[in-house]
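Take a look at the structure below.
The values are calculated or read from the model by the stated rules, or taken from the named source; none is laboratory data. Please read these numbers as outputs of a predicted model, since none were measured by experiment. Glycine also receives a Cβ, built like all others from the backbone with ideal geometry; neighbour counts cover every protein chain displayed. The protein model used for the area step is the full one, side chains on, heavy atoms only, and it has no ligands, DNA or RNA in it. Shrake-Rupley method; radii C 1.70, N 1.55, O 1.52, S 1.80 Å.
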Amino acid sequence: MKTEELIIYKDFEEGSLLADMVWLMENYEDEFYNQEDKAGLLYDCMHRLLEMAGGFGFYGNLWHCYLTNLLVNNENSYSRACEIRGAVEGTINRAVLHDIVIFKEFYDYDFEKMADRLGVRDFDLVLHYESNTQESKVYNTRIKDRICTLAEKFCRDHTPEEMKRTLTEFYKEYGVGKFGLHKAFRVAHDEDGVRIEPILNIAHVKLDDLVGYELQKQKLTENTEAFVNGKKANNCLLFGDAGTGKSSSIKAIANEYYDRGLRIIEVYKHQFQDLNDVITQIKNRNYKFIIYMDDLSFEEFETEYKYLKAVIEGGLERKPENVLIYATSNRRHLIRESFKDKEDRDEELHTNDTVQEKLSLVSRFGVTIYFGKPDKKQFQGIVKALAERAGIQMPEEELFLAANRWELSHGGLSGRTAQQFIDYLLGK
């Protein structure tokens, strides 16, 4: 069977459908196999293609979308080498072209004769499929459109060489597999070990959406820009008052630098012991990774910060150049300190050691950015900008008066409170 002749593009996660369709195309005329069984298998393949469309949100020729999805998700020696960097040289190109010749044959299958021979009606349902807005639980609109568009481009490629070139350009522009298609990820740990899983929908916020804090945004952007450009950059700590835009700034960074190969992996405090496994999975990829820790702080009895210290700086293995750590916190020094650390000499002989142990974590962040709570005038400026952006028509004096009443009972002066107030007005 043709699928067994593949050299590089093998071991697909969703490969059973490919094997069944190829078998049918190669054997539908063979009288040795039962006609009804073959027809039943083809109907089952149609069912799986339609289910795939519902899960992934694909439209158009579902067979083409399915093949394209296999190619863009198959992480192999060639696709990983091409991600973000583009075409590579060497014998690997001949091996890949060998596989693309086979995929081009799959792509150009004419199913009409087979469907007619097996008495399978309405096969064109999977060749001219119209999706609806409720479909897609696996990919968001941006990703599913990208795959469907690539499937259409393959249709315009007349030769395997052209198809290979189109696929390589896709790897260069977006990457391959989950890291190529998605912006943000979370960490999961089960009996099979540590997995990095995509976050399907990340808030589409940009730095310009964050009103004020220009100096803070500039400092964050400069550090991230250096990192993405392959220059020296520092781990970064965003600290300060609640609701001032620290987490939103990180989300904005993920959105604005995605097209340049930046990916964000969110790690929670209880997962710090998995950090080495996470870094092992990403250190040899061509992307730039920010390991993101939101609302980072430790109580006196929590010792997870020791794992973090070792990963950032201090372990025998050097942190990879394509990995940085960004954290947000309401605490400047991350670990809770008390006067007991300095005064209770009965507990510990060298009290200064306790203080230094707790300060040593924050010192491993080369860039620290303070996000302070706005004063009343700045708060009103944020409210005004958000109201204009939302299209709210309201006299300025009345708007500020209502905003002042709102913040008194909803968390005080902050950008988050201002946004909640605007959402309240929009809800009315």
Between R142 and A203, how many nm apart are label points set 7 Å from Cα along the C-beta direction?
1.5
Can you tell me the FRET efficiency between E5 and N276 if r is taken as the Cβ-Cβ distance and R0 is 41 Å, rounded to the nearest 0.05?
0.55
Projected area of segment 129-184, taken from the Cα convex hull and averaged over every viewing direction, in nm²?
4.6
Given segment 101-167, what whole percent of its Cα pairs are spread farther than 21 Å?
44
For segment 139-200 and segment 222-288, distance of Cα centres in Å:
21
Log10 I(q)/I(0) at q = 0.13, 0.20, 0.29, 0.30 Å⁻¹ for segment 372-428, from Debye over equal alpha-carbon scatterers, is -0.25, -0.62, -1.36, -1.45
For segment 70-211, diffusion coefficient by Stokes-Einstein and Kirkwood Rh (Cα), 10 °C, 1.306 mPa s, µm²/s:
88
Segment 1-119 - accessible surface per residue (Å², probe 1.4 Å):
48
Would you please calculate the Kirkwood hydrodynamic radius of segment 4-56 over all C-alpha pairs and express it in Å, rounded to one decimal?
12.4
Compactness index (Cα Rg / 2.2 N^0.38 Å), the chain
1.24
Helix 62-73 axis, angle to the chain major axis (alpha carbon atoms, nearest 10°)
50
Evaluate the Debye formula for segment 1-105 with equal point scatterers sitting on the alpha carbons, no solvent, and hand back log10 of I(q)/I(0) at q = 0.13, 0.14, 0.17 Å⁻¹, in q order, two decimals.
-0.57, -0.65, -0.89
Only helical DSSP H runs with n ≥ 4 go in: add -39500 (n - 2.57) per run for the chain, normalise by residue count and round the 222 nm mean residue ellipticity to 500 deg cm²/dmol.
-15000 deg cm²/dmol
Inverting the mean 1/r over all pairs of different Cα atoms, compute the Kirkwood radius of segment 162-259 and quote it in Å.
15.8
Angle check, please: helix 214-228 long axis (alpha carbons) against the longest principal axis of the chain (alpha carbons), in degrees 0 to 90, nearest 10.
40
Determine the percent antiparallel among the DSSP beta bridges restricted to the chain, to the nearest 5.
25
Inter-label distance, nm, simple model (7 Å from Cα along the C-beta direction), R165/E214
4.7
Relative contact order (%) - criterion: Cα under 8 Å, at least six apart; region: the chain:
15
In nm, to one decimal, how far is the modelled label at H158 from the one at D20, with both set 7 Å along Cα→Cβ?
3.6
Env charge @ E162, Cβ radius under 10 Å, K,R +1 / D,E -1, value +3
With a 1.4 angstrom probe the carbon and sulfur portion of accessible area for the chain, in percent, totals 47
